[in-house]
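One structure is given below, encoded as structure tokens.
The values are calculated or read from the model by the stated rules, or taken from the named source; none is laboratory data. Because the structure is a prediction, the values reported are computed rather than measured. Quick reminder, even Gly has a Cβ in these numbers, built from the backbone with ideal geometry, and neighbours come from all protein chains shown.
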Amino acid sequence: MKIIAANFFFLLVIACPSLFAQPEWKPQNWPVLKQYDQAHLYNIALPLGGIGTGTVSLGGRGELRDWELMNRPAKGFSTVTKGNNAPFFAIYTNTKGAKPQTKALLGPLDPVEYLHYEGRAVNHHGLPRFTKASFEAAYPFGQVHLTDENLPVKVKIKGFNPLVPADANASGIPIAILTYEVSNLSDEPLEVSICGSMRNFIGKDGSKVRKNWKGDIIPVGAQNNINRYREEAGLKGIYMHSDSVSKTDPAWGTLALTTQAKDGVTYRTSSRSDDWSNALLDFWDDFSEDGLLTEKNRLVDQDPMASLAVKKTLPPGGTESFTFFISWHFPNRTAWEATALANGENIVSNYYTTHYTDAWDVVQQTVPGLAELETKTLRFVNALIRSDVPEVIKEASLFNLATLRSQTVFRLPSGHLMGWEGVMDEHGSCFGTCTHVWNYEQATAFLFGELSRSIRDVEFNYATAPDGKMSFRTMLPLTKATDYNAAAADGQMGTVMKFYRDWQLSGDRQFLENNWEQVKKVLSYAWVENGWDGNQDGVMEGSQHNTMDVNYFGPNPQMGFWYLGALKAASIMARSMKDKAFAKKCEQLYKQGSAWMDTHLFNGEYYEHKITDPKTFEFLDWENNPQVKIPDYQLGKGCLVDQLVGQMMAHICGLGYLGDPAHIQTTLQSIMKYNYRESFAEHFNNMRSYVMGDEAGLLMASWPKGRLKVPFPYFAESMTGFEYTAAVGMLYEGQIDNGLKSIQSIRARFDGRKRNPFSEPECGHHYARSMTSWAALLAWTEFHYSGIEKSFSITSKPGKYFWSNGYAWGTCEVKGNEATLTVLHGELLIRELVLEGNPGKKFPEKILKEGDVFSIVIQRSGSFPSGTDK
């Protein structure tokens with residue numbers, strides 16, 4: 001006999017009406033920035049999860065993939081080996097005069113998924129599927145469209161997780177929200193049931209083999225996991241836990257599959273034993289009979305395959321929503337190593353798990369405010385995608401925010417944000433919130449200012465030794481932060497510029513005062529004897545470890561411009577702190593260094609590297625003396641794609657030019673001339689290939705005057721974070737066509753078929769440097785904000801633009817001489833508004849709060865920018 005679960009609680013509803021007082025949430029209409037047809041769905045995987053929580057991804061055909069919930073990456077992990085038993089949702093339909101039908105809520109298989117030695121090449125290979133599918137996205141919103149000429153319905157799968165800039169907690173919820181909008185295409189009433197099924201896989205985190213620090217193999221998976229049906233506070237669903245997994249294991253925790261549906265809910269907490277795949281067969285027969293589920297006897301039926309279904313009747317032409325929540329809670333985050341010891345050693349824990357008691361608590365806390373969270377997320381996404389910015393910049397900026405919510409990133413219980421460089425299939429890639437990688441990205445600072453400042457706190461107050469040497473990889477726990485004991489020249493100088501940026505954006509005087517002595521130490525470390533600038537002339541001649549994972553010997557633009565930017569930023573901070581002597585020294589070194597680089601490194605087309613002897617620091621003249629031994633892995637006379645990364649950062653910080661503006665212009669034109677390839681079909685690359693075949697992109701380096709025999713390792717590669725750096729520089733210099741062409745070349749490679757649009761890899765998926773793409777939005781809008789000066793600057797080009805300073809965000813519309821500033825979230829302190837290229841308009845200080853609109857007329861001093869290449 002089938003019994004609808006809600007009937008059991010009829011008397012309870014009467015006694016406690018407040019239990020079901022919360023109205024059932026239904027999603028609003030969602031915006032679309034990018035559409036993908038059926039031929040471009042194979043690699044789409046949109047992460048559903050919060051900052052530092054882990055994720056499960058919504059695939060382009062409706063599949064749930066990459067279950068990365070248990071404190072580690074797990075690309076391709078489906079909670080089981082490939083097969084029909086992976087989690088999935090299914091639909092049952094029944095209308096008068098027609099045969100009931102059951103199908104998986106999945107689009108069709110791709111031809112590459114047919115070949116397998118055992119006929120199990122892909123998950124859900126044996127389930128009937130919809131015949132047509134397409135995907136629409138405006139991150140974090142993903143929508144799958146499913147149709148089938150043999151079914152009287154069309155289905156829209158809507159998946160998201162709240163993303164609210166300046167609110168890290170609202171953007172850090174461990175939940176995947178899935179709504180199945182079903183439309184009845186028939187002329188008859190239609191019974192529809194939507195069911196989600198997933199095994200309790202607690203203890204199985206996606207690793208094939210796990211080892212402890214001794215190298216001993218640790219068992220993967222669990223036995224006798226427990227599923228329990230619960231109804232509380234208007235929620236119904238399956239609560240999953242385990243008594244057989246060690247409570248110190250990173251894969252120990254809880255899961256929940258729930259719904260708010262008031263009626264038509266049925267469930268199963270288990271299925272019959274899965275020998276010869278009978279667990280799925282038993283479920284399929286049960287669900288296909290009438291769209292209802294029969295609870296099993298858990299003492300007899302041992303397979304922990306839980307299912308939750310909601311059944312409704314749709315009128316002719318009607319549409320109904322079926323919403324499900326998948327929530328999780330796995331507290332045992334370990335340090336950078338993959339596993340914890342049995343006694344819990346090496347556990348650093350998670351910030352998010354301090355806010356919730358378990359997976360059920362997650363959904364119970366989230367659902368009451370879900371409508372508001374959705375509205376705020378929509379407000380953000382709509383403000384950005386409706387702005388007058390090229391579509392490809394919106395796509396690059398918005399879609400790469402998925403990296404901030406991937407397993408690349410996590411938060412300690414203290415709230416500090418930490419990050420790998422990226423993630424491999426089963427483990428993190430390059431630990432330690434690496435300074436020389438995280439230097440590039442701008443999304444964190446401009447969207448989540450407090451999180452960005454938490455990284456500065458780690459860098460300056462934990463990872464810095466008393467002599468100012470900053471470990472460019474932070475060890476964990478933070479009490480061991482300096483144990484790596486290695487500094488990177490670009491990483492360390494970049495942190496000074498990032499500190500300046502975060503100080504300006506926050507307007508927090510105390511932030512500077514509390515950290516000034518540490519900032520001085522970090523910059524001054526460049527001046528130690530035989531150090532990067534041991535002779536203190538404003539030029540780095542010493543051995544400079546850098547993001548190419550080698551040491552450059554001698555002055556070069558990559559390190560040189562980071563150093564000049566740090567000196568310029570430090571001089572301004574020193575003036576603010578009334579540290580006149582330090583300010584004077586920084587200013588003097590900056591002027592000397594800038595002049596020297598323009599004179600000695602600029603070769604008429606771009607800045608090059610003057611190689612020195614690693615021991616004597618003397619310049620090596622290998623061109624005129626073939627007997628001179630050149631160290632391996634140098635740049636030399638190569639044209640480096642990101643040689644102006646320090647200049648890009650200076651523009652973002654509002655520091656102006658670090659070198660001759662004409663030289664900067666010419667250098668960017670030369671990067672496009674020598675490094676851009678319309679096709680990589682004829683390109684030789686002895687390392688990793690992130691661009692292939694007829695794809696276009698920017699090479700890491702070129703040697704128009706002859707290549708070194710053994711250049712730095714990555715010279716023949718092409719990686720998006722570096723490409724964005726060059727493209728952003730072009731946009732800042734008015735080289736619009738080249739900048740957009742470079743960005744378009746990147747995003748064309750992430751087309752859904754060949755690559756995932758929500759993960760730009762470098763050394764790992766979801767690579768942190770890919771978030772440099774946010775700087776393209778900054779460059780196009782020319783946005784600057786100083787909370788110290790309380791000055792707001794935006795482009796003078798007519799249009800409506802999105803802005804965000806990490807603490808507030810909104811839009812600014814420019815029409816003629818009038819600028820209209822709207823705050824959509826947070827508070828903005830302002831006493832000057834500047835349209836770039838024109839004198840600023842000052843006024844009495846104002847505090848603009850959420851919903852406030854402020855308009856002002858500004859006298860222009862020049863004409864509108866042309867928007868074309870200079």
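Checked against (1) in contact (Cβ under 8 Å) with a residue 60 or more places away in the chain; (2) crowded, with 19+ Cβ neighbours inside 10 Å, residue 481 meets all criteria but (1). Checked against (1) touching a Leu at 6+ places or on another chain (Cβ under 8 Å); (2) part of a strand (DSSP E or B); (3) not aliphatic (A, V, I, L, M), residue 801 passes all but condition (1). If you check residue 691 against the conditions, is it in the same structural domain as residue 753 (by TED's automatic domain parsing) and touching a Leu at 6+ places or on another chain (Cβ under 8 Å)? For residue 691, the condition - in the same structural domain as residue 753 (by TED's automatic domain parsing) and touching a Leu at 6+ places or on another chain (Cβ under 8 Å) - is not met.
Do we find that residue 808 is touching a His at 6+ places or on another chain (Cβ under 8 Å) and surrounded by 21 or more Cβ atoms within 10 Å (Cβ to Cβ) in this structure?
On the way: touching a His at 6+ places or on another chain (Cβ under 8 Å): yes; surrounded by 21 or more Cβ atoms within 10 Å (Cβ to Cβ): yes.
For residue 808, the condition - touching a His at 6+ places or on another chain (Cβ under 8 Å) and surrounded by 21 or more Cβ atoms within 10 Å (Cβ to Cβ) - is met.
Remark: residue 244 matches the filter, which requires a residue to be at pLDDT below 95 and among the hydroxyl-bearing types (Ser, Thr, Tyr). Residue-level analysis places residue 134 among those that are at negative phi, in contact (Cβ under 8 Å) with a residue 40 or more places away in the chain, touching a His at 6+ places or on another chain (Cβ under 7 Å) and surrounded by 16 or more Cβ atoms within 10 Å (Cβ to Cβ). Looking across the range 367-388 at every residue that is surrounded by fewer than 20 Cβ atoms within 10 Å (Cβ to Cβ) and part of a loop (DSSP other than H, G, I, E, B), the one that is farthest from the chain's Cα centre (by Cα) is identified as 388. Considering the range 798-822 alone, what residues qualify as being more than 23 Å from residue 653 (Cβ to Cβ) and not hydroxyl-bearing (Ser, Thr, Tyr)? Scanning the range 798-822 gives 798, 799, 800, 813, 815, 816, 817, 818. If I filter the range 752-765 for residues that are farther than 26 Å from residue 649 by Cβ, surrounded by fewer than 23 Cβ atoms within 10 Å (Cβ to Cβ), outside the structural domain of residue 647 (by TED's automatic domain parsing) and charged (D, E, K, R), do I get at least one hit? No: zero hits.
Listed here are the residues, each with its yes/no results for (1) at pLDDT 95 or above; (2) outside the structural domain of residue 766 (by TED's automatic domain parsing); (3) more than 23 Å from residue 175 (Cα to Cα).
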site: 334; (1), (2), (3): no, yes, no
site: 350; (1), (2), (3): yes, yes, no
site: 356; (1), (2), (3): yes, yes, no
site: 409; (1), (2), (3): yes, no, no
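Quick one: would you say residue 717 is under 26 Å from the mean Cα position of the chain (by Cα), surrounded by fewer than 22 Cβ atoms within 10 Å (Cβ to Cβ) and either of a type outside the set (A, V, I, L, M) or closer than 27 Å to residue 37 by Cα (or both)? Yes, satisfied.
Taking the range 26-79 and the strands (runs of 3 or more DSSP E) fully enclosed by it, the elements with 3 or more residues that are buried (at least 21 other Cβ atoms within 10 Å of the Cβ) are at 45-48, 55-59, 64-68.
Of the residues making up the range 579-624, those that are aliphatic (A, V, I, L, M), over 21 Å from residue 558 (Cβ atoms) and touching a residue at least 40 places away in the same chain (Cβ under 8 Å) number 0. Here 617, 582 are screened, and the one residue that is in a helix (DSSP H, G or I) and assigned by TED's automatic domain parsing to the domain that holds residue 647 is 582. Being touching a Cys at 6+ places or on another chain (Cβ under 9 Å) and not in a loop (DSSP other than H, G, I, E, B) is the filter here; which residues of the range 415-450 pass it? Listed by number, the residues that qualify are 419, 422, 429, 437. Taking the range 420-475 as the range and being acidic (Asp, Glu) and touching a helix residue (DSSP H, G or I) at 6+ places or on another chain (Cβ under 7 Å) as the test, the residues that pass are 421, 441, 459, 467.
Does at least one position in the range 180-196 carry a residue that is in contact with a Pro (Cβ under 7 Å, 6 or more places away or on another chain), closer than 26 Å to residue 383 by Cβ and surrounded by 17 or more Cβ atoms within 10 Å (Cβ to Cβ)? Taking every residue of the range 180-196 in turn, none turns out to be in contact with a Pro (Cβ under 7 Å, 6 or more places away or on another chain), closer than 26 Å to residue 383 by Cβ and surrounded by 17 or more Cβ atoms within 10 Å (Cβ to Cβ). Against the test of being at pLDDT 95 or above and over 31 Å from the mean Cα position of the chain (by Cα), the options 629, 610, 568, 615 yield a single qualifying residue, 610. Hey, among 258, 248, 266, which residue is of a type in the set (S, T, N, Q), in a loop (DSSP other than H, G, I, E, B) and in the same structural domain as residue 348 (by TED's automatic domain parsing)? Answer to the selection: 248. All conditions in (1) in contact with a strand residue (DSSP E or B) (Cβ under 8 Å, 6 or more places away or on another chain); (2) farther than 27 Å from residue 742 by Cα hold for residue 786, with the sole exception of (1).
Taking the listed residues 622, 596, the one that is within 30 Å of residue 500 (Cα to Cα) and aromatic (Phe, Trp, Tyr) is 596, with no other qualifying.
Yes/no matrix, rows are residues, columns are (1) farther than 21 Å from residue 565 by Cβ; (2) modelled with pLDDT of 95 or more; (3) of a type in the set (D, E, K, R):
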site: 657; (1), (2), (3): no, yes, no
site: 660; (1), (2), (3): no, yes, yes
site: 687; (1), (2), (3): yes, yes, no
site: 690; (1), (2), (3): yes, yes, no
site: 703; (1), (2), (3): yes, yes, no
site: 709; (1), (2), (3): yes, no, yes
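Cβ-Cβ contacts under 8 Å between residues 6 or more apart (or on different chains), taken from a first residue in the range 416-436 that is farther than 19 Å from residue 76 by Cα to a second residue that is modelled with pLDDT under 95 and among the charged types (D, E, K, R), are absent.
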